[in-house]
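The values are calculated or read from the model by the stated rules, or taken from the named source; none is laboratory data. If you're wondering where the values come from, they're calculated on a predicted model, not measured in any experiment. Note that each Cβ is placed from the backbone with ideal geometry, even for glycine, and that neighbours are counted across all protein chains shown. Calculation scope for accessible area: heavy atoms of the full protein, side chains included, ligands and nucleic acids excluded. Shrake-Rupley method; radii C 1.70, N 1.55, O 1.52, S 1.80 Å.
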Amino acid sequence: MADRLTLPRYLLRNAAQYAGRPAIREKDRGIWQTFTWRQYHDHVRDIALGLAALGFKRGDKLSVIGDNRPRLYWSQVAAICLGGVSVPVYQDSIAKELAYVLNHAEVAVVVAEDQEQVDKILALKDTLPTLRLLVYEDPRGMLQYRFPWLRSLEEVEELGRRFGAEHPGYFQAEIDQGRVDDVALFAYTSGTTGSPKGAMLTHANLVATGETLSAAEDIRLDDDWLAYLPMAWIGDSLYTLVMNLMVGFTVNCPESPETVQRDLRELGPSAVLAPPRIWENMLTGVQVRAADAHGIKRRVFERFRDAAERAEILRAEGKPVPLGLRLALALGEFFVYGPVRDQLGLRRTRWAYTGGAPLGPDTFRFFRSFGINLKQIYGSTEVTGLVSLQPDAEANPTTAGRPCPGVEVKIGDKGEVLVRGAGVFKGYFKNDDATREVVEADGWFHTGDAGFVDPRGHLVIIDRAKDVGALADGSAFAPQFIENKLKFSPYIREAVAFGDAKPFVAAMVAIDPNTVGSWAERRGVAYTSYHDLSQKPEVRALVRDEIRRGNETLPEAQQVRRFLLLTKDLDADDAEITRTRKVRRRYVAEKYAPVIDAFYARRDTVELATSVTYEDGRQGTLRATVHIEDVAETPVHV
Amino acid sequence: MSALLEIREVSKSFGGVQAVTKVSLDVQGGELVSVIGPNGAGKTTLLNMISGFYHPDRGHIVLAGADVSHAAPSRIAELGVARTFQNIALFRGMTVLDNLMLGRHVHMKTGVLGAFVYWGLAQKEEVVHRRRVEDIIDFLRIQDLRRRPCGSLAYGLQKRVELGRALALDPKVLLLDEPMGGCNHEEKEDMARFILDVNEEWGTTIILIEHDMGVVMDISDRVAVLDMGIKISDGTPAEVRANPQVIKAYLGDAKPATERRDG
């Protein structure tokens, strides 16, 4: 491990070796503004020296909050250069979550993107005893804000330039003090149970994982990546911050969250990492536009799409593609596949990953058949975000891929996936008990996921290990497995399955307001709100059919027998799901206890009182009588 | 010090209807002044006179020392007065970007021929103006709408684009005629924020007509109240709120508060 560099050393290397190459771009005022590695280095140095002038010391913690912005990445690197720890937080966190993380991590400095984020911190200031300095990037709207501990990033950089003139060699000396075993990053897990835990990741963890990824995947110096996923997510820290420093390619920050689609198309990144939701949205976009196209255009699209799908199925089965079909594909590449890839901004994409949750096989096949090298990746925060991925020739919608070189995987008790390697974290900050629970003395980390290794050597993830239970008749019950089958329907956004120690499986379903909304419009079903839409008899029938279809792919005992449609989507603000959209099962079971009772007591309606947390933290309650539906024509008998 | 905008006893009638009667109002540079009053009180007429759309029958309007009572609207725009309209007045078929660029028209010097050739000076000028328009797009957070035709936007966003079009003029005085009319709560909050930011950061003088009392009382430096074409009160929000004449104009005599019409 001694020959590994700390992250700041990569920065020094890049500034010397790639001085004039583009390091990071930001779309601002409608133009992609480029910063070279020289400029990247200088900004990081000035911010670091400015922070030092304001009393930032080794071991201090700095949080960034906001959308992906070069200056927020620089601030993180600046803190790391000074021997500090970066603690990125989710920009859409509500006040309570934010206060918890900032206090637990003992954050001394927060760098906020704009007034919106500054206001959040200002409102919490009295509850944040460790916070000494609040820095903002965009001064807009804050002319009247006067606090001694509030400064603009520009001011900090100016202070840094002056401090640097007075203390030559300071920056270099701080970097020289850094060791690869120092903690560089706290990645807070948006845990599905209890409070978030801060996973401590060292330079060695981050750099080793970066090396693993470089060895397993084709990553080049002249790549362009788009940074649009939350900065607090380990994936963004690894792929944007660390890989950017290690490889030296160009990271691109979109103009605003609303412009990501257009920016993606303009940029045409070399590689794309996206959760299933984004792939599904892209597919829906293509389908809607194809359906809106007229006559011949639509027929051409459909014909070539079917040809591509047939060929993809043959390829996946390892069978040869007949000559006629190959000719159709060549023609289709010119008329359909190429243009569609171009529209999506994936024309230059050499590889693309989906991860975090399963992606429907149909969606997966669509992208692959259109010539996009979409593959699955699997990782978790505590192993620096990377365990396994699918090599180019082995893409498959059902597996999590082959363990990466240098990462050991074995299956433990109850089918739990265990991982060992240089990426395994140092422990949870201030929580040794929790650390001991998940890391064995010999280094094996318990992922908490249940899975198995298939004959090809691919890891397959079934569910969270602790959620796997048994139905009353003793057959295994894996809720997430069932939910995913339901969520493959475009009309179902979220599903929660119940069945542990129960006679049959029942599910609460949240519809997707966009797809169901346009379905309703096409049929002339008038509705006013999500609530109203979800309780329309036509919509309930639609979802019943979708669940029947999902049931066909499930073993008899695992099939969903009864369901109800929620009057609101599950929401992270209500603590029902995590920020990464994982269901917080235990909490949901408590909150919706009357619903579960009604499922198994054979009642046809239930009084649903759901508390709602608004964006400003206020609480409200929605009351409604909701119908429970039977999936089968004849009701089940208990 | 004399005010940036002085309105001296202006009156205007349409046929037999006396819309505005001897209204005087001084607006200092950098002030945010709201004009409120029940429907038909003469607020929009007053604004129309300032922007040169109507000319007062009697009285004078003095802008930065120059009498503009009878100046043409184009002349007043050149002097730095921009406005938005109660009913949105954008080019619906044109994109947001084109509508904003059009707002820069006053500042463009290239002639038809130069613009047609689009070379040299015309090109340079376009770049300068585009930069200013991009600042406004950034300011109003409408980066994702640049290429959208205005007609396809939600009402609240059209209101925002219209504000942008007025800002593109780089106005000294900005006249806003019900910028929040028909907007939902969130859109109102956003708009109030933008108006305050324009006032604070760019020092733009703003005259605002608005029905939402909460917003008016929150953001105004000063409030003038019109009723039946006559100014009945003028002062800080707190003063105006306490004025019995204002309460009477809004609530009528001895009517229950539930029949209040202020929305």
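Worth pointing out:
- The range B:185-214, residues that are open to solvent by 20 Å² or more (accessible area, probe 1.4 Å) and more than 14 Å from chain A (Cβ to nearest Cβ): B:187, B:188, B:211, B:212, B:213, B:214
So that you can scan it fast, the table gives a plain yes or no per residue for (1) open to solvent by less than 50 Å² (accessible area, probe 1.4 Å); (2) of a type in the set (S, T, N, Q):
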| position | (1), (2) |
| --- | --- |
| B:27 | yes, no |
| B:34 | yes, yes |
| B:46 | yes, no |
| B:57 | no, no |
| B:88 | yes, no |
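- Going through (1) open to solvent by less than 30 Å² (accessible area, probe 1.4 Å); (2) under 21 Å from the mean Cα position of the chain (by Cα); (3) hydrophobic (A, V, I, L, M, F, W, C) one by one, residue A:461 falls short only on (1).
- Those helices (runs of 4 or more DSSP H) lying entirely in the range A:278-374 with at least 2 residues at pLDDT 90 or above and over 28 Å from residue A:463 (Cβ atoms): A:295-316, A:323-332, A:338-344
- Counting only residues that are open to solvent by 40 Å² or more (accessible area, probe 1.4 Å), within 14 Å of chain A (Cβ to nearest Cβ) and assigned to a helix (DSSP H, G or I), the range B:215-225 holds 0 of them.
- Condition broken by residue B:169, with the remaining ones in (1) within 25 Å of residue A:138 (Cβ to Cβ); (2) in contact with a Gly (Cβ under 6 Å, 6 or more places away or on another chain); (3) without any contact (Cβ under 8 Å) to a residue 24 or more places away in the chain; (4) more than 12 Å from chain A (Cβ to nearest Cβ) satisfied: (3)
Residue-by-condition table, conditions (1) of a type in the set (Asp, Glu); (2) under 24 Å from residue A:186 (Cα atoms):
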| position | (1), (2) |
| --- | --- |
| A:86 | no, yes |
| A:90 | no, yes |
| A:101 | no, yes |
| A:113 | yes, yes |
| A:119 | yes, yes |
| A:122 | no, yes |
| A:132 | no, yes |
| A:141 | no, no |
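- Condition check for residue A:201: within 27 Å of residue A:434 (Cα to Cα) and touching a strand residue (DSSP E or B) at 6+ places or on another chain (Cβ under 7 Å): yes
- Test set (1) under 15 Å from residue A:447 (Cβ atoms); (2) open to solvent by less than 40 Å² (accessible area, probe 1.4 Å); (3) of a type outside the set (Asp, Glu) - residue A:411 fails condition number: (2)
- Of note, residue A:260 satisfies the criterion of being in a helix (DSSP H, G or I) and free of Cβ contacts under 8 Å to residues at least 60 places away in the same chain.
- Leading residue by the ranking (nearest to residue A:501 (Cα to Cα)) among those in the range A:596-638 that are at pLDDT 85 or above and among the aliphatic types (A, V, I, L, M): A:596
- Residue list for the range A:520-553, filter: open to solvent by less than 50 Å² (accessible area, probe 1.4 Å), over 21 Å from residue A:595 (Cβ atoms) and in a loop (DSSP other than H, G, I, E, B): A:525
- Subset of the range A:254-278 that is within 14 Å of chain B (Cβ to nearest Cβ) and among the hydroxyl-bearing types (Ser, Thr, Tyr) - its residue that is nearest to residue A:361 (Cα to Cα): A:259
- Between B:178, B:134, B:162, the distinction of being on the phi > 0 side of the Ramachandran plot and at pLDDT 90 or above belongs to B:178 only.
- Residue in the range A:431-446 that is in contact with a Pro (Cβ under 9 Å, 6 or more places away or on another chain) and more than 16 Å from residue A:198 (Cα to Cα) present: no
- Those strands (runs of 3 or more DSSP E) of the range B:1-50 in which at least 1 residues are free of Cβ contacts under 8 Å to residues at least 60 places away in the same chain and aromatic (Phe, Trp, Tyr), considering only elements entirely within it, cover B:5-14.
- Out of A:207, A:251, A:242, one residue alone is in a strand (DSSP E or B), of a type outside the set (Gly, Ala, Ser), in contact (Cβ under 8 Å) with a residue 60 or more places away in the chain and more than 14 Å from chain B (Cβ to nearest Cβ). It is A:251.
- Put simply, of A:280, A:258, A:309 the only residue that is closer than 24 Å to residue A:88 by Cβ and open to solvent by 10 Å² or more (accessible area, probe 1.4 Å) is A:258.
- Of residues in the range B:147-166 being within 14 Å of another protein chain (Cβ to nearest Cβ) and open to solvent by 20 Å² or more (accessible area, probe 1.4 Å), the one nearest to the chain's Cα centre (by Cα): B:160
- Pair list, Cβ under 6 Å, 6 or more apart: the range B:180-192 residue in a loop (DSSP other than H, G, I, E, B), other residue open to solvent by 20 Å² or more (accessible area, probe 1.4 Å): B:180/B:188; B:180/B:212; B:182/B:155
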